[in-house]
Amino acid sequence: MDATISPGLYPLHRCKTLHLVRHAQGVHNVAGEIDHAAYSSEEYFDAHLTPLGWQQVDHLRNHVHETGLSKKVDLVIVSPLLRTMQTAVGVFGGEGYKDGIEVPPLMVANAGQSDRPEISSLNCPPFVAVELCREHLGVHPCDRRRSINEYRSLFPAIDFSLIENDDDVLWKADTREKNEEVAARGMKFLSWLWTRKEKEIAIVTHSGFLYHTLSAFGSDCHPSVKDEICKHFKNCELRSVVIIDRSMMGSDPATTNYPGKIPSGLDLPSDVADEKLPDEGKVN
């Protein structure tokens, strides 16, 4: 790989900024590091965050507010599992209720054994649950979701309308999704993002989904950039990346471009005039 790879240049309206977040520490992470067999235990079905995981959420929340990121995000997309939704609303959710305004909370008090007060949906971007960004499907109960009706009672202000089935029909007890299948699902998810009008999107998802999806990228970059893109995420880690529409999947018009020549007037550039002169000087 040539270390002097030239920079790329792309129209801004054909780019989106993605803020990728792996969920905070879940109870399955702790148990699984001690004994890998724990990942196959029903005890960790739809694993919730640990108290340490909630501390990680608080630290990341402080970071996104201190950096101004909280004011830039247009949309939060979240995998419909307990640990990812707890992380998403804890990091990007609104502040407490003010002035007697009553709106559905993003999370009700103590949802998923959180021992946390309700989280407001005021003054924050919309939240949408999407199945395409779930973790590896199958075998591990920690990656099986609850019914959407149950989630709606715990996370009233999250939009679950894009999920077709109330029950989890994607998770199979005897078949674990292959790495290449996760990667293909990840590419389908990224293509779907181009159907969204939002330009700056936070995505709260899982380690395996992120690793296998991102591994498809970076081969045209310096090896150190490839390593930066493709390494595994830590719990509650955030990385910001830009994706580019090279194939005209998106159709959003440019919002910051300006057509010029208003009012209209003569504007022939000198270099274009120089190119025309030899042709105009020819004798037929």
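Some points to look at:
- Among the residues making up region 168-186, those that are under 30 Å from C124 (Cβ atoms) and in contact with a helix residue (DSSP H, G or I) (Cβ under 8 Å, 6 or more places away or on another chain) are L170, W171, V182, R185, G186.
- Some residue of region 156-166 being touching a Ser or Thr at 6+ places or on another chain (Cβ under 8 Å), of a type in the set (A, V, I, L, M) and open to solvent by 70 Å² or more (accessible area, probe 1.4 Å): no
- Residue in region 232-241 that is more than 21 Å from N29 (Cα to Cα) and surrounded by fewer than 17 Cβ atoms within 10 Å (Cβ to Cβ) present: yes
- Criterion violated by E66 - all others in (1) open to solvent by 10 Å² or more (accessible area, probe 1.4 Å); (2) of a type in the set (D, E); (3) over 30 Å from I243 (Cα atoms) satisfied: (3)
- Across region 35-55, the number of residues qualifying as open to solvent by 50 Å² or more (accessible area, probe 1.4 Å), at pLDDT 95 or above and not acidic (D, E) comes to 4.
- Residues located in region 4-30, provided they are over 19 Å from Q86 (Cα atoms), buried (at least 17 other Cβ atoms within 10 Å of the Cβ) and small (G, A, S): none
- Failed item in (1) modelled with pLDDT under 95; (2) open to solvent by less than 60 Å² (accessible area, probe 1.4 Å), with G100 passing the rest: (2)
- Only one of the listed residues (N149, N165, N179, N123) is touching a residue at least 12 places away in the same chain (Cβ under 8 Å), under 26 Å from D245 (Cα atoms) and among the polar types (S, T, N, Q). That residue is N179.
- Any hit, region 112-121, residues being within 18 Å of the chain's Cα centre (by Cα) and outside any strand (DSSP E or B): no
- Subset of region 216-270 (residues that are over 24 Å from Y10 (Cβ atoms), free of Cβ contacts under 8 Å to residues at least 60 places away in the same chain and of a type in the set (D, E)): D267
- Residue within region 198-215 that is surrounded by 15 or more Cβ atoms within 10 Å (Cβ to Cβ), aromatic (F, W, Y) and modelled with pLDDT under 95 present: no
- Residue that is at pLDDT 85 or above, over 30 Å from R134 (Cα atoms) and exposed (fewer than 11 other Cβ atoms within 10 Å of the Cβ), where the choices are S270, S264: S264
- Count of region 15-72 residues which are in contact with a His (Cβ under 8 Å, 6 or more places away or on another chain), over 16 Å from C236 (Cβ atoms) and touching a residue at least 24 places away in the same chain (Cβ under 8 Å): 3
- Selection over region 113-134 of residues that are buried (at least 21 other Cβ atoms within 10 Å of the Cβ) and either closer than 22 Å to P51 by Cβ or among the polar types (S, T, N, Q) (or both) gives a count of 4.
The values are calculated or read from the model by the stated rules, or taken from the named source; none is laboratory data. Fair warning: this is a prediction, and the values are worked out from it, not measured in the lab. We place every Cβ from the backbone using ideal geometry, glycine too, and count neighbours over all the protein chains shown. These area figures cover heavy atoms from the full protein model, side chains too; ligands, DNA and RNA do not enter into them. Shrake-Rupley method; radii C 1.70, N 1.55, O 1.52, S 1.80 Å.
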